[in-house]
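These notes concern the structure reproduced below.
The values are calculated or read from the model by the stated rules, or taken from the named source; none is laboratory data. Since this is a predicted model, take the numbers as computed values, not measurements. Backbone-built Cβ (ideal geometry, glycine too); neighbour counts: all protein chains shown.
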Amino acid sequence: MTTVRETQVPGVGVRYELDLESGQRIGVLVHRSGRREVLHYSPRDPDAVEAEMVLTAAEGKVVADLLGGTQLIESLTQMQQRVEGLAIDWLPLPAGSPFAGRTIGDAEVRTRTGVSIVAVIRDDQAYPAPGPDFGLVADDTAVVVGTPAGIRATAELLAGS
Amino acid sequence: MTSTVAVVDAATVLVELGAVLLLLAVAGRVADRLGVSPIPLYLLSGLLVGEGSAVELKASREFIEIGALVGIVLLLLVLGLEYSGRELVTSLRTNRAAGVLDLVANATPGVVAGLLLGWGTTAAVFLGGITYISSSGIVSKVLTDLGRIGNRETPTVLSLLILEDLAMALFLPVGAGLLVAHGVLDTAADIAIAGLAVAGAFLVALRFGDRLSRLVAISSDELLLLTLLGVALLVAGTAEQIHAPAAVGALLVGIALSGPTAEAARLVLAPLRDLFAAAFFLYFGLGLDPAALVPALPAAAGLALVTAVTKIGTGSWAARRAGIGLPGRIRAGTVLVARGEFSIIIAGLALAGGLESDLGPFAAAYVLVLATVGPLLTRFADPVAYAIQRR
């Protein structure tokens, strides 16, 4: 874990510094006025600033977006990959359903369609992660996760058609 | 025909002031070109237009005297604005030992020199103050010019400066008490009252600083300027009446204000401070006897050498405690060598109190040397340090 050291610079502001894995030391000096300086310390004299970049408060935000923003985009892409081919849906249990008054285990939804019931909503209340013994009643809503085709099959199964 | 006389006078005053400002501008430009502090050249400018000189200032002298008074108030007010009470407490906590060493190592040579010169105890104590205190103005300018604000030794350097300012806030009333020599008891009472006032103001600054800042805060620069200048002069004048020097009152007003208000105030006051501080150095130079300056130079230079060494020792010791490497320690030590505005303020206080008249030229010669040599010295810190390291 990277540690950031914070030092008060009297009359100036606050300085943050961190040692990078590459052995370099960088810092950020936040002036009271909001001005920011990105500091690079000299390798042979690690107490001395070798180069610095001065950023206005607005420019600092832009650079922060560029550095941190890339990370955000990467993790969004990963999430999409994980979600690809997966659908989530809310399926009603009609009054004439063959499974009203029976348990989730009886319906054998996962075995038949590969779809999981991740929650049941009854009278505006959610019952997350219901077990196989969970009893379904008419007008319940099942929250299901699976392939689009599996979900279509589940909807037909629950409706009893 | 009094009106004609008045017109002639006004013309003389304006011409004199204009000429003297131009003189200061030229001096400042030369200093800037050489990369040194303008303070020595301002002092010499004062010498040039002082008593007995061919271009002696006559009509504008009174104005410059009042300007000098305002200059002290502004110097200390802006200095106080730079630091918050919280930073002061932090500095006290982390660098207390270095602060004590700073005081002992740098005031002692001054006191000893004063006694050796046969000046008497009070004057010797004042000389101790003069050799003790580094110039915040020169040091911060050098740190900025040399790009050292982000360096790891800089918080230690600034911390020491804050402690010196705090020490000066306590020293000035004590010194003023010593000057009014009217029986031990009265002097002790004066010092006690001044000390209590300083302590009380610090407490107010720490406790109610935020509230005071909000009270003063206003978006108009003009009104902020008028408010602050009014408050500072009023407090400074009141302080003077209870024998605490005006400078301390102004410093405390500055410390009491913090946050965005202090930041805005610093910006509007800085140009005014520069103008009136120049008037202050000029005025100090005006009062000097050129014939006394040269004889004072050898002894002052000797003391300058000793106290340059003690300052370098203090700064590098403090930096070493903060875990700074050799080059940083040498930078921290050498940058603190410069003495300037505060040494002159202390000397001015002593002279105003009718103390040893040799103190003026001596202090001027001392500051002349160290305000010039200090910034130059620290420029060579890195090459020297790297050469030592390579061996």
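Checked against (1) closer than 30 Å to residue B:354 by Cβ; (2) at pLDDT 80 or above, residue B:160 meets all criteria but (1).
Does residue B:310 meet the test of being of a type outside the set (D, E, K, R), touching a residue at least 60 places away in the same chain (Cβ under 8 Å), away from every other protein chain (no Cβ under 13 Å) and touching an Asp or Glu at 6+ places or on another chain (Cβ under 7 Å)? Criteria not met by residue B:310.
Of the residues in the range B:119-134, none is within 14 Å of chain A (Cβ to nearest Cβ), over 20 Å from residue B:369 (Cα atoms) and surrounded by fewer than 23 Cβ atoms within 10 Å (Cβ to Cβ). Within the range B:268-298, if we keep just the residues that are aliphatic (A, V, I, L, M) and more than 19 Å from the chain's Cα centre (by Cα), the residue that is nearest to the other protein chains (Cβ to nearest Cβ) turns out to be B:268.
Among the conditions (1) more than 14 Å from chain A (Cβ to nearest Cβ); (2) crowded, with 17+ Cβ neighbours inside 10 Å; (3) assigned to a helix (DSSP H, G or I), the only one that residue B:238 does not satisfy is (2). Of all residues in the range A:47-58, those that are touching a Gly at 6+ places or on another chain (Cβ under 6 Å), more than 10 Å from chain B (Cβ to nearest Cβ) and either in contact (Cβ under 8 Å) with a residue 60 or more places away in the chain or in a strand (DSSP E or B) (or both) total 0.
Looking only at residues in the range B:87-107 that are of a type outside the set (Ser, Thr, Tyr) and either in contact with a strand residue (DSSP E or B) (Cβ under 7 Å, 6 or more places away or on another chain) or facing another protein chain (nearest Cβ under 9 Å) (or both), the one that is farthest from residue B:133 (Cα to Cα) is B:87.
Pairs are defined by a Cβ separation below 6 Å, a sequence spacing of at least 6 or placement on different chains, a first member in the range A:138-159 that is within 9 Å of residue A:113 (Cα to Cα), and a second member that is polar (S, T, N, Q); the pairs so defined are A:150/A:113; A:153/A:113; A:154/A:113.
Any chance the range B:104-117 includes a residue that's modelled with pLDDT under 90 and either closer than 30 Å to residue B:322 by Cα or not basic (Lys, Arg) (or both)?
Here is the first cut: in the range B:104-117, the residues modelled with pLDDT under 90 are none.
No, every residue in the range B:104-117 fails to be modelled with pLDDT under 90 and either closer than 30 Å to residue B:322 by Cα or not basic (Lys, Arg) (or both).
Here the range A:34-46 is the region considered, the condition is being touching a residue at least 12 places away in the same chain (Cβ under 8 Å) and out of contact with any Leu (no Cβ under 8 Å at 6 or more places or on another chain), and the residue that is surrounded by the most Cβ atoms within 10 Å (Cβ to Cβ) is A:41.
Among the residues of the range B:218-227, is there at least one that is surrounded by fewer than 18 Cβ atoms within 10 Å (Cβ to Cβ), closer than 30 Å to residue B:92 by Cα and either touching a Leu at 6+ places or on another chain (Cβ under 6 Å) or of a type in the set (Ser, Thr, Tyr) (or both)? No, that holds for no residue. Give the residue that is surrounded by the most Cβ atoms within 10 Å (Cβ to Cβ), with candidates limited to residues of the range B:331-371 that are of a type in the set (Gly, Ala, Ser) and in a loop (DSSP other than H, G, I, E, B). Among those residues, the one meeting the criterion is B:338. In the set (1) in contact with an Asp or Glu (Cβ under 6 Å, 6 or more places away or on another chain); (2) assigned to a loop (DSSP other than H, G, I, E, B), the condition left unmet by residue B:177 is number (2). Would it be correct to say that residue B:383 is more than 14 Å from every other protein chain (Cβ to nearest Cβ), over 17 Å from residue B:135 (Cα atoms) and assigned to a helix (DSSP H, G or I)? It is false that residue B:383 is more than 14 Å from every other protein chain (Cβ to nearest Cβ), over 17 Å from residue B:135 (Cα atoms) and assigned to a helix (DSSP H, G or I).
Of all residues in the range B:147-158, those being in contact with an Asp or Glu (Cβ under 9 Å, 6 or more places away or on another chain) and either closer than 13 Å to residue A:52 by Cα or not in a helix (DSSP H, G or I) (or both) number 6. Just one residue in the set B:55, B:73, B:89, B:112 is over 22 Å from residue B:175 (Cα atoms) and part of a helix (DSSP H, G or I); that residue is B:89. When residue A:41 is tested against (1) modelled with pLDDT under 85; (2) of a type in the set (Phe, Trp, Tyr); (3) over 23 Å from residue A:153 (Cβ atoms), only condition (1) is not met. May I ask you to verify whether residue B:203 is in a helix (DSSP H, G or I) and closer than 18 Å to residue B:166 by Cβ? Judged against the criteria, residue B:203 is a match.
So that you can scan it fast, the table gives a plain yes or no per residue for (1) loosely packed, with under 11 Cβ neighbours inside 10 Å; (2) modelled with pLDDT under 80; (3) in a strand (DSSP E or B); (4) within 20 Å of the chain's Cα centre (by Cα):
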site	(1), (2), (3), (4)
A:60	no, no, no, no
A:68	yes, yes, no, yes
A:72	yes, yes, no, yes
A:76	yes, yes, no, yes
A:89	no, no, yes, yes
A:97	no, no, no, no
A:112	no, no, no, no
A:118	no, no, yes, yes
A:127	no, no, yes, no
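Which members of the range A:1-18 meet the condition of being part of a strand (DSSP E or B) and touching a residue at least 12 places away in the same chain (Cβ under 8 Å)? Selection gives A:5, A:9, A:13, A:14, A:15, A:16, A:17, A:18.
Going through (1) assigned to a helix (DSSP H, G or I); (2) closer than 29 Å to residue B:361 by Cβ; (3) among the hydrophobic types (A, V, I, L, M, F, W, C) one by one, residue B:143 falls short only on (2). Can you say whether residue B:18 is more than 14 Å from chain A (Cβ to nearest Cβ), modelled with pLDDT of 85 or more and surrounded by 14 or more Cβ atoms within 10 Å (Cβ to Cβ), as far as the supplied structure shows? Considered against the rule, which asks whether it is more than 14 Å from chain A (Cβ to nearest Cβ), modelled with pLDDT of 85 or more and surrounded by 14 or more Cβ atoms within 10 Å (Cβ to Cβ), residue B:18 comes out as no. Could we say that residue B:145 is in contact (Cβ under 8 Å) with a residue 24 or more places away in the chain, of a type in the set (Asp, Glu) and surrounded by 20 or more Cβ atoms within 10 Å (Cβ to Cβ) here? It is false that residue B:145 is in contact (Cβ under 8 Å) with a residue 24 or more places away in the chain, of a type in the set (Asp, Glu) and surrounded by 20 or more Cβ atoms within 10 Å (Cβ to Cβ).
Candidates are the residues of the range A:1-23 that are within 14 Å of chain B (Cβ to nearest Cβ) and of a type in the set (Gly, Ala, Ser); the one that is surrounded by the fewest Cβ atoms within 10 Å (Cβ to Cβ) is A:13.
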